[in-house]
1. Going out from 0 in 10 Å bins, what whole percent of all Cα-Cα distances in the chain drops into each bin?
2. Restricting to Cα atoms and excluding each atom paired with itself, what does the Kirkwood estimate give for the range 88-171 in Å?
3. Can you tell me the convex hull volume per residue for the range 128-171, based on C-alpha atoms, in Å³ to the nearest whole number?
4. Which of the peptides 142-150, 72-80, 104-112 is most tightly packed, and how do the rest follow, going by the mean number of other Cβ atoms within 10 Å of each residue?
5. Which one, G63, G37, G127, has the greatest fluctuation when you compute a Gaussian network model over the chain with C-alpha springs under 10 angstrom?
6. Mean residue ellipticity at 222 nm from the helices of the chain, using -39,500 (n - 2.57) per DSSP H segment of n ≥ 4 over the full residue count, to the nearest 500 deg cm²/dmol?
7. Suppose the chain between R138 and R36 were pulled fully straight at 0.36 nm per residue; how much longer would it get relative to their current alpha carbon spacing?
8. Can you return the aspartates and glutamates within cross-link range of K115? Criterion is Cα-Cα under 17 Å, with same-chain partners fewer than 8 residues away left out.
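Just so it is clear, none of the values below were taken in a lab; they were calculated from the coordinates. The structure displayed is predicted, hence computed values, not measured ones. Neighbour counts are summed over all protein chains in view; Cβ atoms, including those assigned to glycine, are modelled from backbone coordinates with ideal geometry.
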Amino acid sequence: MSDSSSQTPAADDGRGAISTAGAGAAALSGLEILRRGVGNRDLASRPGIGRSLNFWLVEVEDGRVMFEGEPGAESLNPLGIIHGGWMMTVIDSACGCATMTALEPGVSYTTLETKVNMTRAIKPNSGVYRCEGKLLARGRQIITSEAYVTGPDGKLYAHGTSTCMVLRPRE
């Protein structure tokens, strides 16, 4: 069991949301929030899902993000290979964070749909995998994105798309 005292505390981010983005995050754009976490492989500073499934943000720019992750024993299915949910989660995170780069301060989003296709299985302890997410369409209410998981061998392991709804504060 992990020691919760070593984890980044969740706090009201200024929108009434409890998150690891920190106090005052509502005054920052999505891109600014994401840039705070780039390149930090420290387990305690990652959002909970990144801690649980061992992946982290390595690059971010307007409309594009890159995650890296190393799936291990925590992600095995009963057959002894990495559960497809690991790829699904990393793709959902990459698509969501690509969406987040387009958000102005005080605005949030939620995922409406994510569709993923796996192309091959991931074996445990097989190295670091990369997942790139990119915006496809940036609307006022709906944003769509795509992401790809590639392995240390350069091969495609999964690809997917997400549709996200922009959540604006009530005026």
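1. Spelled out bin by bin, the chain gives 11, 37, 36, 14, 1, 0 percent.
2. The answer is 13.4 Å.
3. Hull volume over Cα atoms, normalised by residue count, gives 67 Å³.
4. Working: 142-150: 21.4, 72-80: 12.0, 104-112: 14.7.
Peptide ranking by packing, descending: 142-150, 104-112, 72-80.
5. G127
6. Helix contribution divided over all residues of the chain: -5000 deg cm²/dmol.
7. Extra length available between R138 and R36 comes to 34.4 nm.
8. Once the sequence-local aspartates and glutamates are set aside, what remains near K115 is D92, E132, E146.
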